[in-house]
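Peer 1: Before I ask anything, here is the structure I am working with.
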Amino acid sequence: MDSKALEDAYVLPTYEKFPFALERGEGCWVWDEAGNKYLDLYGGHAVAAIGHSPAEVTAAIAAQSAKLLFYSNLVYLKARAEAARALVEFCGEKGSQVFFCNSGAEANENAMRIARSVTGKAKIVCAEGGFHGRTAAAIAATGAKYRKNLSGLGGDITHVPFGDLAAAETALKDDAAAFLLEPIQSVQGCTTASGEYLRGLAALCEKNNSLLIFDEVQTGLGRVGAPSARHAFDARPHMQTFAKALASGVPAGAVLCAPEVSAKVKPGALGSTFGGGPLASAAISATLKVIVEKNLAENAAEMEELIRATFKFPSSRRSAAKAFCSASCSTGPRSRRGTRS
Ligand SMILES: Cc1ncc(COP(=O)(O)O)c(C=O)c1O
């Protein structure tokens, strides 16, 4: 059986896939099993921000796995401590602290949980059109398109129109623990908030004793031409969530808490067996080092200018997939609907 037949036989068919099997990657290139080479503008779902299989990260993983592959959060680990320091220093707010988990959805779940326990309130306000993950509270916080036909989602989560400060003010006044927002809504078509909106939300949250959470799973780690959207828009949230590129492909998520939030989190409040494990931690430190040393945030800003000036953008994801496949595949794509992770 070839890889496609094997996977179709044994893996639940939750994704519509492109019709080829990838074998290896290097930098921004990937190769399929037939030896065809592709320029990966998709970045493995925004994970390969510093390229595929970066030598700095694979070396760090190899060294760490030979020393100690895993130990839990019940002991101190230098690798975890260094990864947390690297993320705090990268984001540049002294006194912030990190909770490590394994994915973007988990990071958002935990951020909402922290907000509820710190404020003693239950309600979470989100913007329509956002995407926050597939676990219970994260999907409840996500836009309507992804909640369709799902029952039993976490309660106490309401949505207001993206960019509408008046609606946010009304929703927050009604006893909200937090406002959770993607500063740039990725699946919505890269809908970008204004700095004024984000700073307005920060002020409203302060006024209502609510916490502002930026979901930076897509916008973090240098991709917006600054360390994160928080820096690009000069708006201070109480928490930021990260995942995707954080460990270059080793599963990892993180919640970065401002000092006034982290001071209120107590032992037993949160937990994760694998979060902050040595392997992911080594990959996080190595990834952040590359982003800093190679000035990749600056590079992203330069590339944005070049890409905007050079490319014509397809009007929809479907036409983008079609264009991709007609350029690079012998057979066209199957429907790409419902493929968002
Ligand atoms: C903005 C945003 N938040 C959260 C998630 C969920 O991340 P994960 O798939 O790692 O759970 C995603 C995934 O695409 C995302 O784009």
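Peer 1: D for the chain, whole µm²/s, Stokes-Einstein with Kirkwood Rh over alpha-carbon pairs at 25 °C and 0.890 mPa s: what number?
Peer 2: Working: Rh = 21.0 Å.
Estimated diffusion coefficient is 117 µm²/s.
Peer 1: Moving to a separate point now. Which whole number of Å³ per residue matches the convex hull of the alpha-carbon atoms in region 113-195?
Peer 2: On the way: hull volume 7.8 nm³, N = 83.
Per residue, the Cα convex hull of region 113-195 comes to 94 Å³.
Peer 1: Further question: Taking the C-alpha atoms of region 194-310, how large are the radius of gyration and the largest Cα-Cα span, Dmax, in Å?
Peer 2: 16.0, 51
Peer 1: Among DSSP beta bridges lying fully in the chain, give the percent that are antiparallel, nearest 5.
Peer 2: Working: 19 of 35 bridges.
Antiparallel: roughly 55 percent of the beta bridges in the chain.
Peer 1: Kindly state, to the nearest 0.05, the FRET efficiency for Tyr10 paired with Asn295, given R0 = 41 Å and r defined as their beta-carbon distance. Intermediate results must be reported in sequence, preceding the final value.
Peer 2: On the way: r = 43 Å, r/R0 = 1.05.
The formula returns an efficiency of 0.45 here.
Peer 1: What number, in percent, do you get for the relative contact order of region 97-274 if the mean sequence gap of Cα pairs under 8 Å and at least 6 apart is divided by its residue count?
Peer 2: RCO, region 97-274: 28 percent.
Peer 1: Further question on the same structure: Let me check the size of region 97-274 from its C-alpha atoms; what are the radius of gyration and Dmax in Å?
Peer 2: Just the Cα atoms of region 97-274 yield Rg and Dmax of 14.6, 41 Å.
Peer 1: Using a 1.4 angstrom probe and counting only protein chains, how large is the accessible area of Glu33 in Å², to 10?
Peer 2: Glu33 exposes around 90 Å² with every protein chain in place.
Peer 1: Solvent-accessible area per residue for region 97-274 at a 1.4 Å probe radius, Å²?
Peer 2: Numbers: 6890 Å² over 178 residues.
Value for region 97-274: 39 Å² per residue.
Peer 1: Oh, and also: Of the DSSP beta bridges with both residues in region 97-274, give the percent that are antiparallel, rounding to the nearest 5.
Peer 2: On the way: 11 of 27 bridges.
Roughly 40 percent of the beta bridges in region 97-274 run antiparallel, per DSSP.
Peer 1: Compute the distribution of all C-alpha to C-alpha distances in region 1-88, in bins of 10 Å from 0, and list the percent of pairs in each, rounded to whole numbers.
Peer 2: Values per bin, smallest distances first: 13, 30, 30, 23, 4.
Peer 1: Measure up Lys123/Lys148; Lys67/Lys289; Lys78/Lys244; Lys244/Lys294; Lys37/Lys67; Lys244/Lys264 against 25 Å on the Cα-Cα distance and list the ones that go over. Don't skip to the end; give the middle numbers.
Peer 2: Working: Lys123/Lys148 21 Å; Lys67/Lys289 21 Å; Lys78/Lys244 23 Å; Lys244/Lys294 19 Å; Lys37/Lys67 35 Å; Lys244/Lys264 27 Å.
Violating the 25 Å limit, Cα to Cα: Lys37/Lys67; Lys244/Lys264.
Peer 1: Could you point to the residue in Ser262, Ala229, His159 farthest towards the positive end of the chain's charge dipole, with +1 and -1 charges on the Cβ of Lys/Arg and Asp/Glu respectively?
Peer 2: Positive-end residue among those listed: His159.
The values are calculated or read from the model by the stated rules, or taken from the named source; none is laboratory data. All of these numbers come straight from a predicted model, not from anything done at the bench. No Cβ is skipped: glycine too gets one built from the backbone with ideal geometry, and neighbour counts run over all protein chains shown. Please note that ligands, DNA and RNA were not included when accessible areas were found on the heavy atoms of the full protein model with its side chains. Shrake-Rupley method; radii C 1.70, N 1.55, O 1.52, S 1.80 Å.
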